[in-house]
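Every number here is computed from the coordinates shown, using simple stated rules; none is lab data. All values reported here derive from a predicted model rather than from experimental measurement. Don't worry about glycine lacking a Cβ; one is built from the backbone with ideal geometry, like all the others, and counts go over all protein chains shown.
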Amino acid sequence: MRRPCGFKITVGFVRVIGLCVRMAKKGRPAAHAVVVEGTFDAPVHIDQFELSSMEHEVATQLRDLASGLRSRIAGLKPDRVVIRRADLARVASNKEGPRLRLLAEGALAAGARDEISDVVVLTGRDLGVRAAVSKGDLDTAAAHKLPGLPPEAAAAALVGLVP
């Protein structure tokens, strides 16, 4: 419930956007997003969407991702945004894909922060720690509680419901 002047009144639940970046095509990051509200044990699916860019230049792709997320946040009015950051690689890599994914995650975090102060950026392992479960158990819980949705974005959204 929201007051007209923008102050929030929390009535036992929060609205969260959970995001995870994937490389849709070579050189093209895309963010899967899941919007939920409720509680960790009883999430309610509100919406899902994908953010991407058709541009070739990296800076323009990143701008498009951030701009798209800012627009969605303005319309959906979440209380929190949780971005699932790439896990640390066991072997260091200089490949372009992982670097571009990290850039996209940074652009999304900056875009989200422009609109809302409660922005969380954590690896899958750290999301599990925040929910007091393992990363694997978190992903399983997300697939069970929010079936048919992108599992890593759904897991990020679920963690956003943890008080």
Please work out whether the range 83-163 counts as rounded, prolate or oblate from its C-alpha gyration tensor, where a ≥ b ≥ c are the square roots of the eigenvalues and a/c under 1.5 means rounded, while otherwise a/b larger than b/c means prolate and anything else oblate? oblate
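How much FRET efficiency would the formula 1/(1 + (r/R0)^6) give for Ser117 and Arg90, where r is the Cβ-Cβ distance and R0 is 41 Å, rounded to 0.05? Each step should come with its number before you reach the end.
Details: r = 34 Å, r/R0 = 0.84.
Rounded to the nearest 0.05, the efficiency is 0.75.
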Mean shadow of the range 16-103, computed from the convex hull of its alpha carbons, in nm²? 6.7
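For the chain, what class follows from the C-alpha gyration tensor (a ≥ b ≥ c being the square roots of its eigenvalues): rounded when a/c is under 1.5, otherwise prolate if a/b is larger than b/c, else oblate?
Here the chain falls in the oblate category.
Go ahead and estimate [θ] at 222 nm for the chain from helices alone: -39,500 (n - 2.57) per DSSP H run with n ≥ 4, summed, over the residue count, rounded to 500. Mind dumping the intermediate values first?
On the way: 5 runs with 67 residues, N = 163.
Computed ellipticity for the chain at 222 nm equals -13000 deg cm²/dmol.
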Quick one: what are the phi-derived ³J(HN,Hα) couplings along the range 119-136, Karplus 6.51/-1.76/1.60 with θ = phi - 60°, whole Hz, x for glycine and proline? 10, 10, 10, 9, 6, x, 4, 5, 5, x, 4, 4, 8, 6, 9, 6, 4, x
Sorted by chain and then number, the residues having a modelled amide H within less than 5 Å of the amide H of Lys77, at least 5 places away or on another chain, are none
With +1 on each Lys and Arg Cβ and -1 on each Asp and Glu Cβ, how big is the dipole of the chain about its Cα centre, in debye rounded to the nearest 20? 160
Vicinal HN-Hα couplings computed from phi for the range 21-28 (Karplus, 6.51 cos²θ - 1.76 cosθ + 1.60; Hz; Gly/Pro x): 8, 10, 8, 5, 9, 4, x, 10
Ordered by residue, what ³J(HN,Hα) values in Hz, to whole numbers, does the range 95-112 give under the Karplus form 6.51 cos²θ - 1.76 cosθ + 1.60, where θ = phi - 60° and Gly and Pro are x? 6, 5, x, x, 5, 5, 4, 5, 4, 5, 4, x, 5, 5, 4, 5, x, 5
Between the range 124-147 and the range 79-109, how far is it from one alpha carbon centroid to the other, in angstrom? 18
